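**Student:** Mind looking over this structure? Questions follow.
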Amino acid sequence: MSQLNSTNRVKVRFAPSPTGDLHVGNIRTALFDWAYARHTGGTFLFRIEDTDTTRVTDEYINAAIDTLKWLGLDWDEGPEVGGDNGPYLQSQRLDIYATWAQKFLDQKDAYHCYCSPDELEAVREAQRKANVAPGYNGHCRELTADQIAAYKAEGRGAVVRMRMPDGSTTFNDLIRGDVSFDHNFVPDFVLVRADGSPLYTLAVAVDDVLMKVTHVLRGEDLLSSTPRQIRVYQAMGVAPADYPVFAHLPFVMGQDNAKLSKRNGEVSIAWYREMGFLPEAICNYLALLGWSPGDDVENITMKQLTEMFTVEKVHSSPARFDMKKLEAINGDKIRALTLDEFLKWSLPFLTKANVITGTDAEIELVKKALPLIQERIIMLNEVPKMLQFLFTTKFAVETESVSKITDEGSKAILKRALKELETVTVWNHENIEAVLRASLIEEMALKPRIAFTALRIATTGSTISPPLFESMELLGKEACLLRINAGLAL
Ligand code: GLU
């Protein structure tokens, strides 16, 4: 079963139901789907599963599209780009699912079920008491015409239910090997609600067949829905050799080994974007969750990922999310940026934080300052804090550092520095450093950490800043002297 027809080109799909911002688990799936399609020279199809209109909103759909674009996971078929198998929003394909559901009814693969929610609950309760597997008991499988007429006369609505034959379903999962489901644990399932809307199992299976998907790589949480999907393929008349190949990716667990959840803000990709993680860092890190390029390699480019990615190397055991590792990779990716790239990524953070408005003069200064911090930050949201001292017109020493420069020792340092700096005619970091070292370190015999921390606070307002002498050079002589004077007055 589940053999890829050898004449088919690989087609992999990512099919989220965006009921919120896409999260780490969704994106790990999207990334593996994309990487597999690119590795095999196949097609990457993007489909939005929005049949649950109460939970999937336009806003979330647009955000999902935007997130994939931002990450660089380009798709060959799907929203915005189109394709031969569209539309790619399930809400625009309702007539297709209705047609198939009717066909299944006509073939007697499916039947109308009139059981009310209360009756279904009573069945479940009885099953709990009898300690048997929960699930539909087949009550409406063989209703007579009279019984149906009676239900209709009562005004009862009906769902469409798929008949699950006795036996079992076995399929070969590329990651887990042969997986079997005994149908005693796969009861007849609903395809269409009483209001006519399709359920996931119907829509997903119909679309995977009609859209000619060859590989279904998705999260392990969907493993147990596979026998139901295979049942739909059978009812559609698909030959087993043409079923898509399945590969269920391992769970992504949180640091505490609990399951990462959508409800936790830190799993949303939007959050990582806001904090200043680069898309390439996120993709690089997520690629390591459940897969590894081997040889302890951890830093890879998107291109290398597409060259190396194979499903066979995906592990079946759960992967653990490690924030520290993601941060380290992000720092590496930031250091690897060219100055122009680093500028492009940093400017939106600086304008959003109101550090700059975006004038040419400001951008010139940012460009000079960025190399000073490129080695020092791990997230782009640190850029505004590191550079704001260069732009502020209302300079003030941060509250928690004020007391560190008001003691006698600090005053003496600032006084002497002021006197020496006034004599510097060519204002560059070499000259600044030379006069400060000669006076503060050699003559006054101060420890560099003490002398320069006082100056750092006075000129940049904080104990954390880019390198001191370069910062002072960029700030300019006049501003430095003004600030040191103001520091002395504190
Ligand atoms: N739409 C489903 C979800 O977001 C996934 C569909 C699939 O990959 O089979 O959970």
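The values are calculated or read from the model by the stated rules, or taken from the named source; none is laboratory data. No experiment lies behind these values; they were computed from the predicted model shown. Note: ideal-geometry Cβ built from the backbone for every residue, glycine included; neighbour counts use all protein chains shown. Ligands, DNA and RNA are stripped out before the accessible areas are found, and what is left, the full protein with its side chains, is counted by its heavy atoms. Shrake-Rupley method; radii C 1.70, N 1.55, O 1.52, S 1.80 Å.
**Student:** Across the range 195-226, what is the total count of residues that are farther than 19 Å from Leu249 by Cα, assigned to a helix (DSSP H, G or I) and out of contact with any helix residue (DSSP H, G or I) (no Cβ under 9 Å at 6 or more places or on another chain)?
**Tutor:** So the answer is 0.
**Student:** Answer with yes or no whether Ser168 is more than 16 Å from the ligand (Cβ to nearest atom), surrounded by fewer than 18 Cβ atoms within 10 Å (Cβ to Cβ) and modelled with pLDDT of 95 or more.
**Tutor:** yes
**Student:** Identify, from the list Val204, Val213, Val232, the residue that is within 13 Å of the ligand (Cβ to nearest atom) and touching a Lys or Arg at 6+ places or on another chain (Cβ under 6 Å).
**Tutor:** Val213
**Student:** Applying the selection to the range 165-194, what residues are outside any strand (DSSP E or B) and among the small types (Gly, Ala, Ser)?
**Tutor:** Once the filter is applied, which keeps residues that are outside any strand (DSSP E or B) and among the small types (Gly, Ala, Ser), the range 165-194 yields Gly167, Ala194.
**Student:** Further question on the same structure: What are the pairs, 6+ residues apart or on separate chains, where a residue within the range 111-129 that is free of Cβ contacts under 8 Å to residues at least 12 places away in the same chain and within 30 Å of Ala235 (Cα to Cα) has its Cβ under 8 Å from a residue that is open to solvent by less than 60 Å² (accessible area, probe 1.4 Å) and hydrophobic (A, V, I, L, M, F, W, C)?
**Tutor:** Qualifying pairs under 8 Å: Gln127/Ala133.
**Student:** Might you let me know whether the range 131-141 holds any residue that is of a type in the set (Ser, Thr, Tyr) and more than 16 Å from the ligand (Cβ to nearest atom)?
**Tutor:** yes
**Student:** Just for the range 57-110: of the residues that are part of a helix (DSSP H, G or I) and hydroxyl-bearing (Ser, Thr, Tyr), which one is most open to solvent (accessible area, probe 1.4 Å)?
**Tutor:** Thr99
**Student:** In the range 295-334, what residues are touching a Gly at 6+ places or on another chain (Cβ under 7 Å) and buried (at least 16 other Cβ atoms within 10 Å of the Cβ)?
**Tutor:** Met302, Val314, Ala319, Phe321
**Student:** Could you grab me the full set of residues in the range 382-426 that are farther than 20 Å from Gly461 by Cβ, open to solvent by 40 Å² or more (accessible area, probe 1.4 Å) and of a type outside the set (D, E, K, R)?
**Tutor:** Within the range 382-426, Ala412, Thr423, Thr425, Val426 meet the criteria.
**Student:** Then there's this: Enumerate the pairs (first residue in the range 196-222 and on the phi > 0 side of the Ramachandran plot; second residue anywhere and outside any helix (DSSP H, G or I) and β-branched (Val, Ile, Thr)) with beta-carbon separation below 9 Å, excluding pairs fewer than 6 apart on the same chain, so at least 6 apart or on different chains.
**Tutor:** Partner pairs satisfying both residue conditions: Lys212/Thr43.
**Student:** Could I ask something else about it? Looking for something surrounded by fewer than 16 Cβ atoms within 10 Å (Cβ to Cβ) and under 27 Å from Ile377 (Cα atoms) - is there at least one such residue anywhere in the range 280-291?
**Tutor:** The answer is no; no qualifying residue exists.
**Student:** While we're here: Out of Leu339, Leu370, Leu350, Leu414, which single residue is at pLDDT 95 or above, under 30 Å from Leu446 (Cβ atoms) and aliphatic (A, V, I, L, M)?
**Tutor:** Every option except Leu414 fails the conditions.
**Student:** If you don't mind, another one. So, restricting to helices (runs of 4 or more DSSP H) that lie completely within the range 427-490, which ones have at least 2 residues that are among the small types (Gly, Ala, Ser)?
**Tutor:** Answer list for the range 427-490: 448-460, 477-488.
**Student:** Which is in contact with a Leu (Cβ under 8 Å, 6 or more places away or on another chain) and crowded, with 18+ Cβ neighbours inside 10 Å, of Tyr136, Tyr200, Tyr233?
**Tutor:** Tyr136
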